[in-house]
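The values are calculated or read from the model by the stated rules, or taken from the named source; none is laboratory data. These figures come from a predicted structure and were not determined experimentally. Neighbour counts run over all protein chains shown; Cβ positions are idealised from the backbone, glycine included. Accessible surface areas use protein heavy atoms only, side chains included; no ligands, DNA or RNA. Shrake-Rupley method; radii C 1.70, N 1.55, O 1.52, S 1.80 Å.
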Amino acid sequence: MTWLVQPRLINEPFADPGLFIDFRFRRRALLFDLGDISLLSPRELLRVGHVFVSHAHMDHFSGFDTLLRVCLHRNQPLRLTGPLDFADRVAAKLAGYTWNLLDENSLDFAILVDEFDGCIRRSSRFRARAAFVREDVEPRQLAPDLVLEEDELVVEATVLDHGLPCLAFALQERRRVNVWRDGLRRLGLPVGPWLNEAKRAVRRGDPDDSVVAVDQTRTVTLGELRKEALQIAAGQRLAYVVDAAAHEENIERAVRLARGADHLFIEAAFADEDAALADQRRHLTAGAAGRIAKLAGARRVIPLHFSTRYIDRPDLIPEQVNRAFRE
Ligand SMILES: [Zn+2]
């Protein structure tokens, strides 16, 4: 079974946090956080259609300029999701440049911003053709807890406390459906666009006796297809949790978001012996990160965003995270 998306950390764990999520076989990518992204190529940045920004501290948002510089030359919009008042931060960034050469003849590039606070509260738009003046638009209608909803995946969010609201995200692929060509041949059925409808029916969980139209004259039941020609697996779940105080309410929220994650990417800024410092800076300790992974039943935990005070002991934090994870 091949996954729909492939996650990759942008930087080593002592540098800015950020996750590049590339779609296989598609010219499309997502980003979780927007700090130092200089290690991503222009080709990779051009694929980015949606960025989920945890909060606007510099190490999570300073890459906005780099991304904008590349995206200015495309028509495809750039969507950003961040915490409440995030559009103000975007507007302030855009106000730092002179846009006198932009007018209605410019490329029709736009930045769309959604602000999340348990649900999408506000949406704004900044169009290149309007010299990036902010326009308020209808808030995007999505179910509570969701920041993206598509046929093949959803992205959920939750608000954590980092002295300010900081968003954590989880990408859930819907059920994966692969077609087995030999099986199709055995059923005497052709490959074609009708298979997309069949896959959608499987993802929706339609019953075995539902009928799928192959063409004008032929039909097949979903049960037959499932038995002979479809390989079905649960979708992958990726969770990304950064910058949160290690108190119980945060831990509960992070655990709920990361439940059953195949990969949990989680900050572990401070070693356990520096818990007082972690508390003061509103960050997780390595032990708290490991405990969240364990309570969530994550299959794999990938710690990141280590304080540089441990740069000469690069194994310290991963060891403490893993100890708490396996305890
Ligand atoms: Zn940070």
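Annotations for the structure displayed:
- Residues located in the stretch 236-264, provided they are open to solvent by less than 10 Å² (accessible area, probe 1.4 Å) and either within 16 Å of the ligand (Cβ to nearest atom) or at positive phi (or both): Tyr240, Val241, Val242, Asp243, Ala244, Ala245, Asn250, Ala254
- Identity of the residue in the stretch 275-285, open to solvent by 10 Å² or more (accessible area, probe 1.4 Å) and within 16 Å of the ligand (Cβ to nearest atom), that ends up nearest to Arg326 (Cα to Cα): Thr285
- Once the stretch 62-79 is narrowed to residues that are surrounded by fewer than 18 Cβ atoms within 10 Å (Cβ to Cβ) and in contact with a helix residue (DSSP H, G or I) (Cβ under 8 Å, 6 or more places away or on another chain), the residue that is nearest to Val133 (Cα to Cα) is Leu72.
- Scanning the stretch 35-61 for residues that are of a type outside the set (Gly, Ala, Ser), more than 12 Å from the ligand (Cβ to nearest atom) and open to solvent by less than 40 Å² (accessible area, probe 1.4 Å) gives Ile37, Leu40, Glu44, Leu45, Val48, His50, Val51, Phe52.
- Contacts under 8 angstrom Cβ, first residue in the stretch 236-252 being in a loop (DSSP other than H, G, I, E, B), partner among the polar types (S, T, N, Q) and within 16 Å of the ligand (Cβ to nearest atom), 6 or more apart: Val242/Ser54; Asp243/Ser54; Ala244/Asn250; Ala246/Thr285
- Pairing residues of the stretch 266-283 that are closer than 21 Å to Leu9 by Cβ with residues that are more than 16 Å from the ligand (Cβ to nearest atom), at Cβ distances under 7 Å and at least 6 apart in sequence or on separate chains, gives Ile266/Ile292; Ile266/Ala293; Ile266/Val301; Ala268/Val321; Ala271/Leu316; Ala271/Gln320.
- Scanning the stretch 125-164 for residues being open to solvent by less than 50 Å² (accessible area, probe 1.4 Å), assigned to a strand (DSSP E or B) and charged (D, E, K, R) gives a total of 2.
- Selection within the stretch 185-235 - open to solvent by 60 Å² or more (accessible area, probe 1.4 Å), of a type in the set (A, V, I, L, M, F, W, C) and either in a loop (DSSP other than H, G, I, E, B) or over 20 Å from Leu4 (Cβ atoms) (or both): Val191, Val211, Ala213, Ala234
- Of all residues in the stretch 76-92, those that are farther than 13 Å from Pro139 by Cα have Cβ atoms under 8 Å from Cβ atoms of residues that are basic (Lys, Arg), 6 or more apart or on another chain, in Gly82/Arg89; Ala91/Arg134.
- Number of residues in the stretch 15-26 that are open to solvent by 20 Å² or more (accessible area, probe 1.4 Å) and within 12 Å of the ligand (Cβ to nearest atom) equals 2.
- For the stretch 103-117, a residue qualifies if it is open to solvent by 30 Å² or more (accessible area, probe 1.4 Å) and over 14 Å from Cys71 (Cβ atoms), and the qualifying residues are Asp103, Glu104, Asn105, Asp117.
- Exactly one residue among Ala288, Ala298 is outside any helix (DSSP H, G or I), among the aliphatic types (A, V, I, L, M) and open to solvent by less than 30 Å² (accessible area, probe 1.4 Å), and that residue is Ala298.
- Output for the stretch 80-102, where each listed residue is open to solvent by 60 Å² or more (accessible area, probe 1.4 Å) and within 19 Å of the chain's Cα centre (by Cα): Leu84
- The condition of being among the hydroxyl-bearing types (Ser, Thr, Tyr), out of contact with any strand residue (DSSP E or B) (no Cβ under 8 Å at 6 or more places or on another chain) and more than 16 Å from the ligand (Cβ to nearest atom) holds for only one of Thr81, Thr98, that being Thr98.
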